[in-house]
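Peer 1: Let me begin by handing over the structure; questions about it come next.
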Amino acid sequence: MNILDPQGPIGAADTAILIDSVAIMLAIVVPTIVAIFAFAFWFRASNTRAHYLPNWEYSGRIELVVWSVPALTIILLGGVAWIGAHQLDPAKAVEGSAKPLTIQAVSLDWKWLFIYPDQQVATINTLTVPAGVPLRFELTSSSVMNVFFIPQFGSMIYTMNGMATQLNLRADRPGTFQGLSAHFSGDGFSDMHFDVHVVPSEQFSKWAQDASRAEKSLDELSYGEIAKPSMKSQPAVYRLADPQLFNSIVTQKLPPSPGAQAGVKGADLPAGVADAR
C-alpha cells in the first residue's frame, strides 16, 4: 500500500501533490531549524561580538520576514490544493485504452461487495480489473459511513447509506495491490480490506466469463445473508441474478444492514467474539 509507488494517473497526481506540499512546507521548517542553531551559536556566552539589547522591541525587517514567509507558504499550499482538487475531481472521467469498466461497490459490516453490472458478476473482498482500462466506480454503503481507498491508485472517497458517490481510477500495469476501508466502522474494521488483481484485458474477459457461471448467485435473498455483520470474510465470487441490486441498495428498497452494533441479533461473528459479548 505504498502511496509513493503509484500505479495509475490519479495515484501519480496524488503523489505529486504530496511531494510538492512537503517541499513547500520545508521552506519554513528548514530555515527555522537552521535559525535555532545559528542563534544559539551566535549568542553563546563566549562570543564577545554578540550584542545584548534589553530595550529592543521592534524591527520592521524582522516582522516582514516573520509574516511574509508563512503567508507565501499558505498561498502556495492553497494553490496546490485548489488546482489539484479540481483536476482530480472524483467524478471526472479518466482516459484509457478501452470503454470504462463500471464497478458498483457497497461497504458492509465488515466486508466489501463489488458488482460488475455489465459482466453479471459480483465478488466479496476481491476485485479484478483490466490494466489500462478506466474504472468507473459507483459507491454506496449498506450500513455506517465508510471510506473506499486503494492507496496506489489514489483518491479515497466516502460511501454513505442512501447515497451514491462516483470515483474514476485507472491501473496502468498488471499486479496485485491492496485496498481497504479507511474509516473506523466497528469491531471488524481492521480486517476490512481486499486484494485488487490487475490483469491484461484478455485475461479479465476470461475471468468474467468464468465468474458469470459461478455456482453461487447474488439476488435480494442471498444479499440479505451477505449483509449481516461478519468478520474476516473470505473472498467469494457470485453470478449476478439481479442487475438492479445496487439501485435497490442505494434507494433503500432493500433495508440497511443492522450496522456495527454490539450484540446484533443474527450477526455472524466468530465464536470467541460472540462469547465475549
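The values are calculated or read from the model by the stated rules, or taken from the named source; none is laboratory data. Predicted model only: the values in this text are computed from it and were never measured. Here the Cβ is made from the backbone with ideal geometry for all residues, glycine too, and neighbour counts use every protein chain on show. Surface areas here come from the heavy atoms of the whole protein model, side chains and all, with no ligands, DNA or RNA. Shrake-Rupley method; radii C 1.70, N 1.55, O 1.52, S 1.80 Å.
Peer 1: Putting +1 on Lys and Arg Cβ atoms and -1 on Asp and Glu Cβ atoms, find which of 190, 165, 207 reaches farthest to the positive end of the dipole of segment 164-209.
Peer 2: Farthest along the dipole direction, towards plus: 207.
Peer 1: Follow-up question, since we're still on this one. Rank these residues by their accessible area, most exposed first, probe 1.4 Å: 149, 114, 41.
Peer 2: Sorted descending by solvent-accessible area, the residues read 41, 149, 114.
Peer 1: So what is the calculated 222 nm ellipticity per residue for the chain, using -39500 (n - 2.57) for each DSSP H run with n of 4 or more, over all residues, to the nearest 500 deg cm²/dmol?
Peer 2: -11000 deg cm²/dmol
Peer 1: Round to the nearest 10 and report in Å² the accessible area of residue 193, as given by a 1.4 Å probe over the protein chains' heavy atoms.
Peer 2: Counting only protein heavy atoms, the figure is 80 Å².
Peer 1: So, in Å, what gap is there between the alpha-carbon centers of segment 104-152 and segment 1-74?
Peer 2: 42 Å
Peer 1: Here is the link list: 99/206; 99/232; 228/253; 206/253; 92/253; 111/216. Which ones come out longer than 27 Å on Cα distance?
Peer 2: 99/232; 206/253; 92/253
Peer 1: Then there is this: Keeping every protein chain in place, order 56, 42, 112, 207 by accessible area at 1.4 Å, biggest value first, i.e. largest first.
Peer 2: Greatest to least solvent exposure: 56, 42, 207, 112.
Peer 1: Could you give the nm distance between label points at residue 71 and residue 19, where each point is 7 Å from its Cα heading toward the beta carbon?
Peer 2: If labels sit at residue 71 and residue 19, their model points lie 3.1 nm apart.
Peer 1: Pick out which of 182, 91, 164 has the largest mean-square fluctuation in a Gaussian network model of the chain, springs linking Cα atoms closer than 10 Å.
Peer 2: 91
Peer 1: Could I ask something else about it? Taking only the alpha carbons of the chain, what extent do you get along each of the three principal axes, in Å, biggest first?
Peer 2: Reported extents, whole Å, longest axis first: 87, 51, 31.
Peer 1: Express in Å², to the nearest 10, the accessible area of residue 158 obtained by rolling a 1.4 Å probe over the protein heavy atoms while all chains stay in place.
Peer 2: Probe radius 1.4 Å; accessible area of residue 158 about 100 Å².
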